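Okay, structure first, notes after.
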Amino acid sequence: MEKIGIIDYGMGNLHSLGKSLERVAADQRVIISYDPETLLDCDRLVLPGVGGVRACMDELRRLELNDLVIEAARKRPLLGVCLGMQVLLERSEENGGVPALGLIQGDVLRFPDPPADTEGERLKVPHMGWNRVHQTQAHPVWNGVPDDSWFYFVHSYYASPQNPAHVLGSTEYVTTFAAAVARDNVVGFQFHPEKSQAVGLQLLANFAAWDGETP
Amino acid sequence: MLAKRVIPCLDINAGRVVKGVKFEDLRDAGDPVEVARRYDLQGADELVFLDITASSDDRPTLFKTVEAVAEAIYIPLTVGGGVRSCADVRALLSAGADKVSINTAAVLRPDLVTEAGDRYGVQCIVVAIDAKRVSKKSQPPRWEIFTHGGRKPTGLDAIEWAALMVQKGAGELLVTSMDRDGTKAGYDVELLHAISRSVPVPVIASGGVGTLEHLAQGFSQGGADAVLAASIFHGGTYTVGEAKQYLSSQGVHVRL
């Protein structure tokens, strides 16, 4: 039986991500763990995350999971969600600047302040709620997901990959930002697929079925 | 473009959804899991649970309810009521809440908002503001903060309080007009507008919805980012889908 490991470093809503994966991948075991050996034994890994980036990186390091993520990213399908996606990049502006895992080149930036949209209405930060994701390139995780589908977001910082080839999908809010990123066997979603109803579950099902190969 | 949100609110007492006017006259309105699932299917953008259980002995019942509901829905869930400490925030998040709403405890100790935001991320910390108009008709409008379900005045100016809460790290504000709550007379849009334009974080309008037009006013006149309503949905007067169709017809950008 194949296994999906959710990396538990004490931050993030693992409960709902776990049950969503169990629902869409009934033929796999979903394991929530902070034990490196258990996690490296999994076929796919998910890096969740909410909260601040400094606390996130500190906890990953304290539990000696940062090297595990980098190691896992060499071959297994790896999915970062929300803050778990942001730490895939090299560095975040949050908390005064924090180096991250560096699996995808580029930075994580704060939405410009004070943001305003074209009609002069004041835009709020965090970017909180449902917004559309435009699929900028084909990828197995998009299978059966209509272009410009709605997903649930909640974040104040956004990923800015250096290489446009690493952007899978984009969303408009203040600016056009990377809502989904990918590089080889690594994917990341800024939005919460586990909070995005049917399309979110479809994405998770696609990840659970993905072998890490890209077209 | 980010959609405006429609959020059904469920009052929870001892593991059941209840309905009542101004916290009195509680009547049973169903099983939380069934009600939550129904709203998810109708296209609700989020759900809010307010625990109105008076006794703190019933906390374990609340956690069980939150767990069961989080298991059954695929939209974000905010839980509030009786949150006193970081430990309470943590317990609700572990039970499956995506956001936790803090009310009275923030008034008693504003730094709780900072501590909870630092630890769990500001995006999951909602500060609930219960405001009552205290100015006379001829005076410029002024609102004050009330706690304990609107019974206890604090003397705090609502607009200043909203700004302070954001400064302390609130990721979102849930603004309830205690004058309108349960009246079906519509939101206090002046209050909403005053707060919404003065803070950089999203504002949820609450208190007083009786018609679909009221929901639209929350956005158009109140400048809110989300509208919260209870009775128009629980009574079966409208589905969430009907509400969103109406809002869309009024030019409000919603997720359909």
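The values are calculated or read from the model by the stated rules, or taken from the named source; none is laboratory data. Fair warning: this is a prediction, and the values are worked out from it, not measured in the lab. Don't worry about glycine lacking a Cβ; one is built from the backbone with ideal geometry, like all the others, and counts go over all protein chains shown. These area figures cover heavy atoms from the full protein model, side chains too; ligands, DNA and RNA do not enter into them. Shrake-Rupley method; radii C 1.70, N 1.55, O 1.52, S 1.80 Å.
Quick check on segment A:105-136: of everything there that is modelled with pLDDT of 95 or more and of a type in the set (S, T, N, Q), which residue is least open to solvent (accessible area, probe 1.4 Å)?
My answer is A:Asn131.
Scanning for something open to solvent by 30 Å² or more (accessible area, probe 1.4 Å), modelled with pLDDT under 95 and either closer than 14 Å to A:Val186 by Cα or within 14 Å of chain B (Cβ to nearest Cβ) (or both), does segment A:63-71 turn up at least one residue?
Yes, segment A:63-71 contains at least one residue that is open to solvent by 30 Å² or more (accessible area, probe 1.4 Å), modelled with pLDDT under 95 and either closer than 14 Å to A:Val186 by Cα or within 14 Å of chain B (Cβ to nearest Cβ) (or both).
Does A:Leu21 satisfy being among the hydrophobic types (A, V, I, L, M, F, W, C) and away from chain B (no Cβ under 14 Å)? So that I can check it myself, show each step before the final result.
Numbers: among the hydrophobic types (A, V, I, L, M, F, W, C): yes; away from chain B (no Cβ under 14 Å): no.
It is false that A:Leu21 is among the hydrophobic types (A, V, I, L, M, F, W, C) and away from chain B (no Cβ under 14 Å).
Just to be sure before I move on: is A:Ser160 among the polar types (S, T, N, Q) and at pLDDT below 95 in the structure I sent?
Numbers: among the polar types (S, T, N, Q): yes; at pLDDT below 95: no.
No, not satisfied.
Quick check on A:Val199: is it surrounded by fewer than 20 Cβ atoms within 10 Å (Cβ to Cβ), within 14 Å of chain B (Cβ to nearest Cβ) and in contact with a His (Cβ under 8 Å, 6 or more places away or on another chain)?
Details: surrounded by fewer than 20 Cβ atoms within 10 Å (Cβ to Cβ): yes; within 14 Å of chain B (Cβ to nearest Cβ): yes; in contact with a His (Cβ under 8 Å, 6 or more places away or on another chain): no.
Spelling it out, it is not the case that A:Val199 is surrounded by fewer than 20 Cβ atoms within 10 Å (Cβ to Cβ), within 14 Å of chain B (Cβ to nearest Cβ) and in contact with a His (Cβ under 8 Å, 6 or more places away or on another chain).
How many residues does segment A:163-175 contain that are at pLDDT 95 or above and either within 23 Å of B:Tyr74 (Cβ to Cβ) or touching a strand residue (DSSP E or B) at 6+ places or on another chain (Cβ under 7 Å) (or both)?
6
Out of contact with any His (no Cβ under 9 Å at 6 or more places or on another chain) and either more than 14 Å from chain A (Cβ to nearest Cβ) or over 30 Å from A:Arg23 (Cα atoms) (or both): is that true of B:Ala91 in this structure? Can you show your working first?
Values: out of contact with any His (no Cβ under 9 Å at 6 or more places or on another chain): yes; either more than 14 Å from chain A (Cβ to nearest Cβ) or over 30 Å from A:Arg23 (Cα atoms) (or both): no.
So B:Ala91 does not fit the description; no.
Just the residues that are in contact with a Leu (Cβ under 8 Å, 6 or more places away or on another chain), open to solvent by 30 Å² or more (accessible area, probe 1.4 Å) and either within 12 Å of chain B (Cβ to nearest Cβ) or part of a loop (DSSP other than H, G, I, E, B) (or both), please, taken from segment A:137-164.
A:Gln137, A:Tyr157
Kindly indicate which of A:Leu21, A:Leu14, A:Leu60 is within 20 Å of B:Gln123 (Cβ to Cβ), of a type in the set (A, V, I, L, M, F, W, C) and crowded, with 23+ Cβ neighbours inside 10 Å. Spell out how you get there, then give the answer.
Numbers: A:Leu21 fails: within 20 Å of B:Gln123 (Cβ to Cβ); A:Leu14 fails: crowded, with 23+ Cβ neighbours inside 10 Å.
From the options A:Leu21, A:Leu14, A:Leu60, the qualifying one is A:Leu60.
Any idea which of (1) in contact with a strand residue (DSSP E or B) (Cβ under 6 Å, 6 or more places away or on another chain); (2) within 14 Å of chain A (Cβ to nearest Cβ); (3) open to solvent by 10 Å² or more (accessible area, probe 1.4 Å) is the one B:Thr53 doesn't satisfy?
Failed condition: (2).
So that you can scan it fast, the table gives a plain yes or no per residue for (1) within 16 Å of B:Leu50 (Cβ to Cβ); (2) at pLDDT below 95; (3) within 12 Å of another protein chain (Cβ to nearest Cβ):
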position: B:Ala116; (1), (2), (3): no, yes, yes
position: B:Val126; (1), (2), (3): yes, no, yes
position: B:Arg142; (1), (2), (3): no, no, no
position: B:Thr147; (1), (2), (3): yes, yes, no
position: B:Pro153; (1), (2), (3): no, yes, no
position: B:Ala158; (1), (2), (3): no, no, no
position: B:Val175; (1), (2), (3): yes, no, no
position: B:Gly182; (1), (2), (3): yes, yes, no
position: B:Asp188; (1), (2), (3): no, no, no
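Pick from B:Ser249, B:Ser231: which is open to solvent by 20 Å² or more (accessible area, probe 1.4 Å) and free of Cβ contacts under 8 Å to residues at least 40 places away in the same chain?
Values: B:Ser231 fails: free of Cβ contacts under 8 Å to residues at least 40 places away in the same chain.
Of the residues listed, the single one that is open to solvent by 20 Å² or more (accessible area, probe 1.4 Å) and free of Cβ contacts under 8 Å to residues at least 40 places away in the same chain is B:Ser249.
For segment B:92-127, give me each residue that is open to solvent by 10 Å² or more (accessible area, probe 1.4 Å) and closer than 21 Å to B:Leu191 by Cα.
Scanning segment B:92-127 gives B:Asn103, B:Thr104, B:Val107.
Tell me, which residue of segment B:157-187 that is among the small types (Gly, Ala, Ser) and within 16 Å of B:Val203 (Cα to Cα) is surrounded by the fewest Cβ atoms within 10 Å (Cβ to Cβ)?
B:Ala163
Please state which of the following conditions B:Val79 fails to meet, knowing it meets all the rest: (1) among the β-branched types (Val, Ile, Thr); (2) away from every other protein chain (no Cβ under 14 Å); (3) touching a Phe, Trp or Tyr at 6+ places or on another chain (Cβ under 6 Å).
(2) is the only condition that B:Val79 fails.
Within segment A:172-196, can you find the residues that are open to solvent by 10 Å² or more (accessible area, probe 1.4 Å), part of a loop (DSSP other than H, G, I, E, B) and either more than 12 Å from chain B (Cβ to nearest Cβ) or not β-branched (Val, Ile, Thr) (or both)?
Passing the criteria: A:Asp184, A:Asn185.
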